[in-house]
Structure formats: structure tokens, C-alpha cells
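Engineer: Could you have a look at this structure, given as C-alpha cells, before my questions?
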Amino acid sequence: MSHLVEELRERKTLDDQGLKALLESDDQSLEEDLFRNAREVAVAQFGREIWLRALIEWSNVCRNDCYYCGIRRSNQTLPRYSLTPNEILSSCDQAWKLGLRTFVLQGGENPAAAEALAPTVAEMRASWPEAAITLSLGELPFETYALLRRSGANRYLLRHETASPAHYSRLHPASMQLEHRLACLQELQRLGYRTGMGMMVGSPFQTTGDLIADIRLIEQVQPGMIGLGPFIPHPDTPLGSYPAGSATLTLRLYAILRLMLPQAWIPSTTALSTLHPDGRKAGILAGANVVMPNFTPASHRGDYALYAGKSAPAVEAEENLKLLIQEIESIGYHV
Ligand code: SF4
């Protein structure tokens, strides 16, 4: 085993120089060693079980204008939608009947609509008391986080996107501040949410130093979930002409973070599958342990266009879920 991988696995940390070598090396055997060790640690922690989460993209209305995001408010080409409470509950029902026990409600940042979602969250909690309810609704007033928590939500994913303030300011308008995003994460933890964070890999202007800063921040916060995927340009955004991030680099980050935080839930993300034909399986083989099939009603799924060519595994039929399970089983795992 490479001494860098061995040290990372044993100590659950590594100095910046070691991380840089793992991120930048073109040594294939080092990469294989990294993935194998991440796999072993994931299997030791979770067995060969992959956890399915039902993703419900509840609204593509967003007040923000992030320079990389297809649903940014300035994108006039996109039809906007918000699911009704009945549509949300019906997607949950469908997912529950297919055996999924975690619902993930994801949407653009829209504080008034997020507050209005509280009764629906309460209804989800009452209808499925054993389910985990994860929200991913951006930066909200702290009282809204508290209201949604009281209504029954117990997890919250808020990707920090980049831990470097200078890099953050090149991806977001001046109205958005990394400091505030991190304060939101702190508040979510204080309220008792199991929190998730993460970043885009290969976003424009990103350096290896920025990625090391991301790793350090995650190491410091110790989130329960880590969501990361490659940057994929969307043509109707200011950063639409920049090249996509690298699937390989994304996989190395899965593996590094698995070795640092053995207990974290790490989804093999849709963005990775969009870039890499076997992305979902490759993510699992690099240490990921979660897959999030899409339960957004088919009539709206195409409108949640965060980036171009999004390949969302649609599972509205039992048959499609079987195919997803078969794919997971083909590499020796089960759900
Ligand atoms: S990344 Fe999130 S906050 Fe930014 S524009 Fe897209 S949905 Fe809105």
C-alpha cells in the first residue's frame, strides 16, 4: 500500500503536501490503491449495503443567481414550477411503497415558499413516522430552519461549494457570502439536524489549494453527509463556456473523504453519472454508500436543470428500481 494512503487510512488525516499528491498524481496504481482502501473502509462501516434516498425536486424557483447554476433566477429560458403538497406526498408514497425510507426534498432558495412547506413536512412526518426527511433548500432565516425542524425534518444538506472566500466570490454574486453559508451550517447543527455539506469539483478557477481547503473544512465540521459532484456547465449561465470538472478527480475526493470520515454518508451523485457512463458504480467503488433515485414527477423532472445533460435515474416504476438495484448488485453490493 502506498504510504500516503496508509497514513490517511490510519490517521484519518494527511498533510497538505500528501493531499496534493493524492489529488494530482498521475500514478494509476496510487489511484487504485486509494479507491481500494476507501472501498474497504466503507464496507467495514456499512457492509456491502447501499442506501437509497428518494430525491424529490420540489421547486426550481430560486432567488439567487449563482453563476454556474441552470435554475438561477436570471435564466429566463426555464419554465418555473413548484410541486403542490399533494404532488410531494404522492411522490413520498410511491417511494415508500417501493421500500425507500428517506425522502430528500430539494429546491431553489425561496424563503417564503420554504416556510410554507412546513405543514407538508409535518404531514410527511405524520404519515411516515419512521422515515428520514432531508431538506436541501439553501440559506433560510434561522427561524425557518427551526420551524421545519419542529415540523419533522431531521436532516439538511447545504453544500458550501468552495471553502475559499476568493473562489466563492468568483462563483457567486456579491450578495452571497461564504461566511453566511457557514453560519447557516452551524445553526443547522445546533438545531439537531444531521447536516451535509460538499462542493463542486473542477468548478471554474478552482485550484488544488481550494480543494485542500474544502477537505480541511469538511474535516473540521465533520458533517454526517458529504455531497460532491463534478462541475458541469449549463449553457444559459455566465460560466456556461467553461470545461466540465473531472470524474476521476471527483472519485479521488470521494475516496479521500471516505478515509477521513468513515461514517459519513456519501452519495454517488447524479452529476457524476452524467459525466461518466458507469459513474454510479464507480462512485460506490471509490467509497460512496448512497444512491438517490429521482422521484420528482416526470412532468417537471426536465425543468430542474441545474446543469446540462443531467442524467437523473427516474424510478417511477418498480421495474426501473429493479434495474437500479441490479446495477448495484452487478458490482457485489445490495440495497
Ligand atoms: S445553486 Fe442553489 S442557490 Fe444557487 S442559483 Fe442554483 S438553486 Fe439557487
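Read the figures in this text as sums done on the coordinates, not as results from a lab. Small disclaimer: the values here were computed from a predicted structure and weren't measured. All Cβ positions, even for glycine, are placed from backbone atoms using ideal geometry, and neighbour counts span all protein chains on display.
Engineer: Could you calculate the FRET efficiency of T208 with R301 from 1/(1 + (r/R0)^6), where r is the beta carbon distance between them and R0 is 30 Å, rounded to 0.05?
Structural biologist: 0.30
Engineer: Here's another thing I want to ask about it. By how many nm would the segment from H334 to H180 grow when fully extended, if each residue of separation counts as 0.36 nm and the alpha-carbon distance is taken off?
Structural biologist: That pair, H334 and H180, stretches by 51.5 nm at full extension.
Engineer: What residues have an amide H closer than 5 Å to that of W128, excluding those fewer than 5 places away on the same chain, when H is modeled at 1.01 Å from N in the peptide plane?
Structural biologist: none
Engineer: Multiply the residue gap between Q326 and Q189 by 0.36 nm, knock off their C-alpha separation, and tell me the result in nm, one decimal place.
Structural biologist: Roughly 45.7 nm would be gained on extension.
Engineer: Which net charge results when you count Lys and Arg as +1 and Asp and Glu as -1 among the other residues whose beta-carbon is under 13 Å from that of L178?
Structural biologist: Summing Lys and Arg as +1 and Asp and Glu as -1 gives -2.
Engineer: Could you sort 271-279, 324-332, 182-190 so that the peptide with the highest average Cβ count within 10 Å comes first and the rest follow in order?
Structural biologist: Result, highest mean Cβ count within 10 Å first: 271-279, 182-190, 324-332.
Engineer: Continuing with this model, one more query. Using the Kyte-Doolittle scale, which helices in the chain average at least 1.0 and also have C-alpha atoms spread 15 Å or more along the helix axis, with helices defined as whole DSSP H runs?
Structural biologist: Membrane-span-like by this criterion, though nothing is claimed about a membrane: 247-260.
Engineer: Hey, another quick one. What dipole magnitude, in Debye to the nearest 20, does the chain give about its Cα centre under +1 on Lys/Arg Cβ and -1 on Asp/Glu Cβ?
Structural biologist: The calculated dipole for the chain is roughly 600 debye.
Engineer: Take the alpha carbon atoms of the stretch 93-129, find their center, do the same for the stretch 227-288, and report the distance between the two centers in whole angstrom.
Structural biologist: Spelled out, the Cα-based centre of one part sits 25 Å from the other.
Engineer: Ok, one more. Give the total of Lys-Lys pairs in the chain with Cα-Cα distances below 22 Å; include a pair only if its members are 8 or more places apart or on different chains.
Structural biologist: Within the chain, the lysine pair count is 5.
Engineer: Stretch A122-S246 to full length: gain in nm at 0.36 nm per residue minus the Cα-Cα span?
Structural biologist: Extra length available between A122 and S246 comes to 40.7 nm.
Engineer: In the chain, what cysteines have no partner Cβ closer than 4.7 Å?
Structural biologist: C62, C92, C184
Engineer: Let me ask something else about it. If Lys and Arg each add +1 and Asp and Glu each add -1, what is the summed charge of the other residues whose beta carbon sits under 10 Å from the beta carbon of L261?
Structural biologist: Neighbourhood net charge equals +1.
Engineer: Tally Lys and Arg at +1 and Asp and Glu at -1 over the other residues with C-beta under 15 Å from the C-beta of L14: what net charge comes out?
Structural biologist: -2
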